[in-house]
């Protein structure tokens, strides 16, 4: 099944090559101007146009297929115009050399509502409630993030400067940054927001998605004229954990002329599979779906795929690595524990990553205990390889219909 | 000219292949059980059994020939016995894979007198004066480092625990760590110590060198019996900036049955060439010499070579890199300056390092400004490549007798 592009000049497509019988799980190929992504796939996190502690070659060596950066971070530093002048995100960060490899950008919506509001002191992002079309989530004027129907005013988490983002500006910034796939600007709601507010935010997200589509089309005309490749647009389904709102959101966004979808939200443990199922039962089957905001739950990867998710991202695996918490096929271990001081075996004997092929637990233990940078690198390589490789195995298990065996094997150690 | 080993089972030699007419400069080959080092050579600093922020492959890619680790640091963490059980320093840190590549260890003497004394509060290492055979350099009992003729008692800079190091224990630790070349345990004196104290310390250093030779011979017998390769011993010439003491120290140590020499001390700017000349006029010409404790002065590399130095080490180049201070053939620049935000040229257009071949000034600027680990790695690769490559160029300039042209070219930018 192949998604048909109305605009034949778009060097972009998604092809489903296999569907797992009795499930919504599928394997496919997401084609971008910077190359193909075999799905399901785990997008490697590159928030600030760098994968923390790793060179691009290290990401390639672990079979990382695409990197996801963040519009909010890049607009603040170094500025979207710098990335544009450098030749776009992939070139700026040397991801894939001269030709470049695939990249995504998140819209900045999530960070505007979380980091932007959290300047100086954290604010309670759960205080949202419905009171007309202007909502303030703040403790004081200096920490103001204010959403209205037009866009969001917020402060930089770096220096407190006042900034504003709208659907149009998010699109303009993302076309400047130049990733292959953009997310539309959306309003994130807290899991504790009341249903009336969730509806307000969802409807605003829909109106913003329409404005993103319009601005995106305008940008594409200009870029096409300049001989630049297409950049795809995926709006983000919201609606928290309300089944009716999620289905309504998926139907609304599913009817737009867009290239794929994000599934957004802040999820409580265990909520993801049901929400994903509601959404993917309504969205067009033939378009790709990205699940935003998973934690580091291995089970979410299996369940997400089972209900039709094609791509994932999550920065928790490398963050945990930097704290010494390492994933193995038989569960997690904390490498800084004294038990590993004289353990001259690899982190995971069955792992084929650079770290496991060349270093011992004792050495990684030493480096992290001694506060050495190489320890962060070796631990990050291992964990990121773990999750990239796991999603590759899930893909393989769809192709050869061994998905449930693989799921059972991993969930014995990661419930 | 080839140094003859009395013990034919020693897989160690130094061969001078070329001497620059009218100077003491020479090029040679230092052969170790883990491979050859083409001299003059810059030893890459790997204090804690890791080159800060770099993988061993990155060090190989910049043509790094040998890594120098520190006995003091490794005895504290992870412990010399851990490195021994891992198969020795090179294997522990994956330097050169299964076969391993050459390594040095510093004796720990310098750190015992600096870091060991500096626990909690820095102490004034210049307060040494001659008063019998026991000298205290401390402000309070909790920061005590006490030297006597037997050895040194000091406190760990990590946890304040009481420790002791003697010439014998330094040798035992170094044989456990298993580097190819060891430095003898010496007493470092401050540049401000009075001459009587410098003599006391120098004589103690000589007595300790004799004890190191004896312990080293004992260790070699045991290691040889266990089928392990030879590890060379280089005692360290002291005597501060007193010509008579430096010459006396060089004569004394030069008469010992050892494999090479270190030239130690804390140097003021400009002092190195004269001190090196005094020492190398007395030491046996045919044996290799390592200059310890240079700052990051490019001129010291040229002047050291000119007066007969074969190997160098210095951690300042990578430390400066982490602060954004980068070396180029036309002088230093601070990459974090705003001027580089949109500079899409390499750090040094003539540099062949991984960073310059793949990244722009704007990107390294962004990474360091954003506090990203990859910025530390890319900057460190560049600076360490600069100095390794510079010493390689110096070697080449001895071979083809263009040394003074090269010196003039660099010293125009680095006085």
Of the criteria (1) within 14 Å of chain A (Cβ to nearest Cβ); (2) in contact (Cβ under 8 Å) with a residue 60 or more places away in the chain; (3) farther than 30 Å from residue B:279 by Cβ, which one residue B:331 fails
(1)
Before we move on, is residue B:88 closer than 30 Å to residue A:340 by Cα, within 17 Å of the chain's Cα centre (by Cα) and surrounded by 18 or more Cβ atoms within 10 Å (Cβ to Cβ)?
no
Flag if residue B:226 is surrounded by fewer than 19 Cβ atoms within 10 Å (Cβ to Cβ) and farther than 26 Å from residue B:100 by Cβ:
no
Looking at A:405, A:384, which one is crowded, with 20+ Cβ neighbours inside 10 Å and more than 19 Å from residue B:89 (Cβ to Cβ)?
A:384
Looking at the structure I just gave you, is residue B:389 surrounded by 14 or more Cβ atoms within 10 Å (Cβ to Cβ), under 23 Å from residue B:61 (Cα atoms), touching a helix residue (DSSP H, G or I) at 6+ places or on another chain (Cβ under 9 Å) and away from chain A (no Cβ under 14 Å)?
no
Selection status of residue B:33, crowded, with 23+ Cβ neighbours inside 10 Å and either farther than 24 Å from residue B:355 by Cβ or within 9 Å of chain A (Cβ to nearest Cβ) (or both):
no
Any hit, region A:361-373, residues being crowded, with 24+ Cβ neighbours inside 10 Å, touching a residue at least 12 places away in the same chain (Cβ under 8 Å), within 14 Å of chain B (Cβ to nearest Cβ) and within 21 Å of the chain's Cα centre (by Cα)
no
Scanning region A:314-328 for residues that are surrounded by fewer than 22 Cβ atoms within 10 Å (Cβ to Cβ) and on the phi < 0 side of the Ramachandran plot gives A:315, A:316, A:319, A:320, A:322, A:323, A:325, A:328
Among the residues of region B:347-360, what is the count of those that are within 11 Å of chain A (Cβ to nearest Cβ) and either in contact (Cβ under 8 Å) with a residue 40 or more places away in the chain or more than 27 Å from the chain's Cα centre (by Cα) (or both)?
5
Residue B:331 being surrounded by fewer than 23 Cβ atoms within 10 Å (Cβ to Cβ) and within 25 Å of residue B:68 (Cα to Cα):
no
Considering only region B:109-127, I want to know if a residue exists there that is surrounded by fewer than 16 Cβ atoms within 10 Å (Cβ to Cβ), farther than 19 Å from residue B:164 by Cβ and either in contact with a strand residue (DSSP E or B) (Cβ under 8 Å, 6 or more places away or on another chain) or at pLDDT 60 or above (or both).
no
Any chance residue A:59 is closer than 20 Å to residue B:355 by Cβ and assigned to a helix (DSSP H, G or I)
yes
Kindly evaluate residue A:64 against the criterion of being assigned to a loop (DSSP other than H, G, I, E, B), at pLDDT 95 or above, under 30 Å from residue B:371 (Cβ atoms) and touching a helix residue (DSSP H, G or I) at 6+ places or on another chain (Cβ under 9 Å).
yes
State whether one or more residues within region A:165-183 are in contact (Cβ under 8 Å) with a residue 60 or more places away in the chain, in contact with a strand residue (DSSP E or B) (Cβ under 9 Å, 6 or more places away or on another chain) and more than 19 Å from residue A:83 (Cα to Cα).
no
Say whether the condition of being within 14 Å of another protein chain (Cβ to nearest Cβ), at positive phi and at pLDDT 95 or above is met by at least one residue in region B:39-52.
yes
Within region B:84-94, track down each residue that is assigned to a helix (DSSP H, G or I) and more than 9 Å from every other protein chain (Cβ to nearest Cβ).
B:84, B:89, B:90, B:91
Hey, could you check region A:8-30 for residues that are in contact (Cβ under 8 Å) with a residue 40 or more places away in the chain and more than 24 Å from residue A:305 (Cα to Cα) and say which is nearest to the other protein chains (Cβ to nearest Cβ)?
A:11
Region B:55-73 - residue that is under 18 Å from residue A:362 (Cα atoms) and at the interface with another protein chain (Cβ under 9 Å from one of its Cβ atoms) and, of those, surrounded by the fewest Cβ atoms within 10 Å (Cβ to Cβ):
B:73
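The values are calculated or read from the model by the stated rules, or taken from the named source; none is laboratory data. Quantities reported herein were computed from a predicted structural model and do not represent experimental measurements. Reconstructed Cβ throughout: ideal geometry from the backbone, glycine too, with neighbour counts over all protein chains shown.
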